[in-house]
Each structure stands twice: as structure tokens, then as C-alpha cells.
Amino acid sequence: MMSNVVFTNCVAETIDRIVSEANPSKVFVLVDENTMSAALPLMQEGSPAVSGATVITVKPGDENKNLESLSYIWKQLGDNGGTRHSMLINLGGGVVTDMGAFAASTFKRGIRFVNVPTSLLAAVDASVGGKTGINFNGLKNEIGAFKDADTVIVSSMFFNTLSATEMRSGYGEMLKHALIKGPEMLADLMRQDVLEVGRERMLDLLKENVGVKEEIVRQDPTEKGLRKALNLGHTTGHAFESLALRRESPIPHGYAVAYGLVVELILSVMKTGFPSETMRKIAGYIYENFRAFAVTCNDYDELIDFMRHDKKNVDVSTINFTLLKGVGEVALDSTATFDEIKAALDIYRDVMHLD
């Protein structure tokens, strides 16, 4: 069952309506230490349901999307009277929505939950599509399940609390959706300055952009075919993220996706005929807005090892990618050898000014 996605800047009122209709035995709100101070007071002021809820607070950051934090959420639910008829409201970024959704879908074999993404990245990516989970054993999203929220409330009202880095991180995922959708959406995004987009205009952009993901997920909810399109940029991007974590210098997910897009567009030029000029134009835009993730040839084997753990792979000798024949023309289940990946990383270093 697909989540009901509501686009609104009247978030508190929407939460109260959802809680009233669901009539849960108890309401919990999951936040991290950042949204506890930046977003929770706004919701408590405007929503009786939130002001009367039991608040569970976790540490922020992808490095804390782990088994220890998940166990803490389960314990807080149990110790504070949670039952199968309770509801969990996940108020935060992608770490909160991913981990909170997984906690809710497994506690008492599943309780109802609502995602209220407070970051641009979570609004466009983590809160929609039913993917839940945590990082494990040094690998991104290694443990998880498919489970849709009852409702996802997408709003731009929290974005004025975000840093420029957090806004650009969300824009990285928006660029991915535009590359999947077509030239018009991509050109529109590349004309915008994400730091200057007003609240209502951003909500309109989100409706259109999240709509790309919604349509794909509706056709393929458990990633058997078409939904693999959403992995564009992610095979390499997750490897960059894992390497950054190993270096103890994490990078934002949307930045990793943007860098991954460059590598996978290079592979698309090599493997599926994507126009080289278009690749270089997009790479230039990404460099201008995101700079580059620094790698050398000494990192290649480690990056490929991370890619080998990707869930899309079917054998040990090649890596599976989602590539593009052109903007809006997806090539699912494309593969590349280790040598081809190393060649693409060489070109990435060139177009991203790392040599």
C-alpha cells in the first residue's frame, strides 16, 4: 500500500487531523537532537497531538543510524506503554525517517507511523517509497525492510533552519529525479539557485519532483524492475559515503549522490551512448555547487569493494548500475567491469578537477 503523501505548509493541523482519524492508543514523536530544538517546539505549539505525545530523542547524523539507536527507540516505545495500537510520528531528516520507520514497522510486529521530513533531502528521498533501515557493519542501509508510512507530510516550512550544505544535499537527489524524468525538469532545476528558492515555489518543485519517485514506486513497490531507476548515482554514491565513513569524515548523502551521478554519467557515456557534452555540462554544474569528493587511484580497489556489496549485483565479477542513454532514458541492469569502473573514476577526477 502506497503512503498518502500530503504537500502542505499547515503541518500541525494536518498531524492533528491524521491522529484524530487514526485514534491511536498512544502517540510517540521521534526526533534527533537538532529537530528537538528546531522543529519540535513549532509542532508542539500548533498541535495538541504532538504536545501531548511522548518524545523520543536520538543523536543526529548518519553515523548514528545504527543498531544501538534502533534498540534505544524500541526500548523507549516499550518502556513508555507502546502497544500495537500506538502511532509513531517521525519528525526529522532522513536518519530519523529511515530509522523511525524501521523501528515502527518491527515493534510489536508493526505500528502505524507518519513521516514528517524536516530536511529537503528527506522530503524528496528518504520519507517516500517505503524503504526503511539502518547502517550495519560499515555498510549503508544494510539492514531494513519495505514498509510504507500511513502518511507522509511534505512541507517546506522547516527549510529556513537548514544550512546551505543541507539544502544542496537535498538538491542532489532532486537532480537525480530530473535526470530520470527528462530534459525540461533538469533544465528547470539547473536554472534555480536552491538557496534562493522561496517557500511556496519550493513546495511546487517538491510536488513535481517527488511525483517522479511516487510514480515509479507505484509501478514497482519492491524494486523488482523499474524502481531500480531510482538507484541512479547511488551505487557509486554509497561507495563514496562508505569510504568517507571509514575515513571518519562523513559526507552528506545528497553530495555523495551528486558525485555518484558524475561517475555513472561517465559510465553512461562509455556504455550506453549518453552524450559526452551533456555529461560534462552536468559535471560542471555539480562541481560548481558541490565541489568534489577527493579520491586517488589508491582508493579505487576499496571503492569497488564497497560497490560489490551493493544489493543489485548478481555476480562477483561485475557491478550492476542504473545508467542513462540520455536524459530521461534509463538503462536498467547495466553492468561494468572493474577496469571500466577504474577508467570512469579516472575521468571523474579529471572533470572534477582532482588531478
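For this structure, a couple of remarks:
- Per residue, segment 1-139 exposes 40 Å² of solvent-accessible protein surface, assessed with a 1.4 angstrom probe and all protein chains in place.
- Neighbourhood charge, 11 Å Cβ-Cβ cut-off, centred on Thr118 and excluding it, Lys, Arg +1 and Asp, Glu -1: -2
- Förster radius 30 Å - calculated FRET efficiency between Arg349 and Thr161 (Cβ-Cβ, nearest 0.05): 0.30
- Sorting the segments 264-272, 61-69 by their residues' average number of neighbouring beta-carbon atoms within 10 angstrom, most packed first, yields 264-272, 61-69.
- Which of Thr222, Tyr255, Ser242, positive extreme of dipole for the chain (C-beta unit charges): Thr222
- Dipole-positive endmost among Val114, Leu88, Ala164 within segment 75-217 (Cβ charges, Cα centre): Leu88
- Pairs spanning more than 19 Å between alpha-carbon atoms, out of Lys181/Lys207; Lys59/Lys228; Lys59/Lys147; Lys281/Lys325; Lys176/Lys228; Lys281/Lys342: Lys59/Lys228; Lys59/Lys147; Lys281/Lys342.
- Ordered by 1.4 Å accessible area with all protein chains kept, Lys207, Lys342 run largest first as Lys207, Lys342.
- Among 89-97, 325-333, the order from most to least packed when residues are scored by Cβ within 10 Å on average: 89-97, 325-333
- Whole-Hz ³J(HN,Hα) from phi, Karplus 6.51 cos²θ - 1.76 cosθ + 1.60, for segment 191-204, glycine and proline x: 7, 8, 9, 4, 7, 10, 6, x, 4, 6, 4, 5, 5, 5
- The alpha carbon centroids of segment 325-355 and segment 214-275 are separated by 11 Å.
- Long-range HN-HN contacts of Ile89 with modeled amide H, under 5 Å: Phe28, Val29, Leu30, Val114
- A cut-off of 5 Å between modelled amide H atoms, ignoring neighbours fewer than 5 places along the same chain, links Val58 with Val31, Asp32, Glu33.
- Based on the convex hull around the alpha carbon atoms, segment 118-209 presents an average projected area of 6.7 nm².
- Neighbourhood charge, 10 Å Cβ-Cβ cut-off, centred on Thr151 and excluding it, Lys, Arg +1 and Asp, Glu -1: -1
- Environment charge at Ile56 (Cβ cut-off 13 Å; Lys +1, Arg +1, Asp -1, Glu -1): 0
- Dipole magnitude (debye, nearest 20) for the chain, charges at Cβ of Lys, Arg, Asp, Glu: 800
- When the trypsin sites (Lys or Arg not before Pro) in segment 86-148 are filtered for DSSP coil states and for at most 11 other beta-carbon atoms within 10 Å of their beta-carbon, no site remains.
- In sequence order, calculated HN-Hα J values of segment 147-153 (Karplus, 6.51, -1.76, 1.60; Hz; x Gly/Pro): 7, 7, 5, 4, 9, 10, 9
- Among [x] 131; [y] 120; [z] 171, the entry derived from the coordinates for volume of the Cα convex hull per residue in Å³: [y]
- Loop GluC sites (Glu not before Pro), segment 211-258 (other Cβ atoms within 10 Å of the site Cβ: 14 or fewer; DSSP): Glu248
- Amide H contacts for Val5 (H built 1.01 Å from N in the peptide plane; partners 5 or more residues away or on another chain; cut-off under 5 Å): Val152.
The values are calculated or read from the model by the stated rules, or taken from the named source; none is laboratory data. Every value quoted in this text rests on a predicted model; they were computed, and no experiment measured them. Cβ sites come from the backbone with ideal geometry, for glycine too, and all protein chains shown count toward neighbours. Heavy atoms of the whole protein, side chains included, go into the accessibility calculation; ligands, DNA and RNA do not. Shrake-Rupley method; radii C 1.70, N 1.55, O 1.52, S 1.80 Å.
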